[in-house]
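Each remark here refers to the structure printed beneath this line.
The values are calculated or read from the model by the stated rules, or taken from the named source; none is laboratory data. Since this is a predicted model, take the numbers as computed values, not measurements. Cβ placement follows ideal geometry from the backbone for every residue including glycine, while neighbour counts extend to all protein chains displayed.
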Amino acid sequence: MKHVKLKTAVICLVAVLLTFFTQPSLAYYTTIGRATNVVTTGEIRFIIHETTDQGTPFPEEGVYIVPGDIVSKQVFIESACQQPFYLRVKLVYGVDEQELSSEECFRVNINEAYWQLVDGWYYYKGVVEPGQTTPYVFSQVEIVGSEVDNAYLGKTLTLSVIAQGVQSAHNPVSGTNTYEASGWPAEGGTT
């Protein structure tokens with residue numbers, strides 16, 4: 001009987017020791033394993049180009065005009081980033097740093113095949129892909145002769161182009177209605 005008790009004690013001791021020694025190895029195999037998820041965000045960058053019909057840059061100092069002139073000014077946007085995006089453009093008209101309505105002095109020939117006017121913004125009807133250049137927004141500006149009278153003599157008329165972009169990936173729109181995209185900056189937001 002002593003032999004049976006000793007045998008039982010040895011078996012119990014071996015079981016306890018096995019449990020004791022295998023526990024850390026079980027813990028080792030169940031606690032190792034780590035996932036590191038790296039998320040990198042990109043930025044949307046683009047360049048607004050303004051050229052003449054000869055392909056030369058539009059003069060930074062502007063051009064001398066008289067009422068009725070038609071000025072060659074082609075405006076288009078080039079992607080300078082690695083992700084596709086939606087794009088919108090706003091034209092701001094002014095005289096000596098005061099804003100005007102578009103009809104007061106200027107008439108532009110918007111390229112409506114590619115650009116859609118919604119709430120004062122011209123939305124590009126597609127996705128601007130990396131490295132792509134959009135078709136022109138407009139290619140000429142007419143100085144409306146009947147509106148530009150002697151009151152504008154010696155003043156500086158301005159036409160500013162403001163552009164904004166939002167990501168197109170995972171930002172669905174229906175067809176060419178890019179104005180439906182999420183994330184457009186609020187009026188006066190970053191350009």
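Is it the case that LEU91 is buried (at least 18 other Cβ atoms within 10 Å of the Cβ), of a type in the set (A, V, I, L, M) and at pLDDT below 95? Spelling it out, LEU91 is indeed buried (at least 18 other Cβ atoms within 10 Å of the Cβ), of a type in the set (A, V, I, L, M) and at pLDDT below 95.
Yes or no, residue by residue, for (1) more than 22 Å from ILE44 (Cα to Cα); (2) in a strand (DSSP E or B); (3) in contact with a Phe, Trp or Tyr (Cβ under 6 Å, 6 or more places away or on another chain):
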site	(1), (2), (3)
GLN74	yes, yes, yes
VAL148	yes, no, no
GLY154	yes, no, no
VAL161	no, yes, no
GLY165	no, yes, yes
SER174	no, no, no
GLY183	no, no, no
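Here is a list of conditions, (1) touching a residue at least 24 places away in the same chain (Cβ under 8 Å); (2) under 29 Å from ASN150 (Cα atoms), and TYR86 meets all of them except one; can you say which number that is? Failing condition for TYR86: (2). With the structure loaded, tell me whether LEU157 is more than 25 Å from PHE85 (Cα to Cα) and touching a Cys at 6+ places or on another chain (Cβ under 8 Å) or whether it fails that test. Judged against the criteria, LEU157 is a match.
Taking the residues in region 155-178 that are closer than 24 Å to GLU50 by Cα and among the hydroxyl-bearing types (Ser, Thr, Tyr) as candidates, determine which candidate is nearest to the chain's Cα centre (by Cα). Looking at the filtered set, the residue picked out is THR178. Checking the conditions here, which among ILE110, ILE65 is touching a Leu at 6+ places or on another chain (Cβ under 8 Å), surrounded by fewer than 19 Cβ atoms within 10 Å (Cβ to Cβ) and without any contact (Cβ under 8 Å) to a residue 40 or more places away in the chain? Just one listed residue meets the conditions, ILE110.
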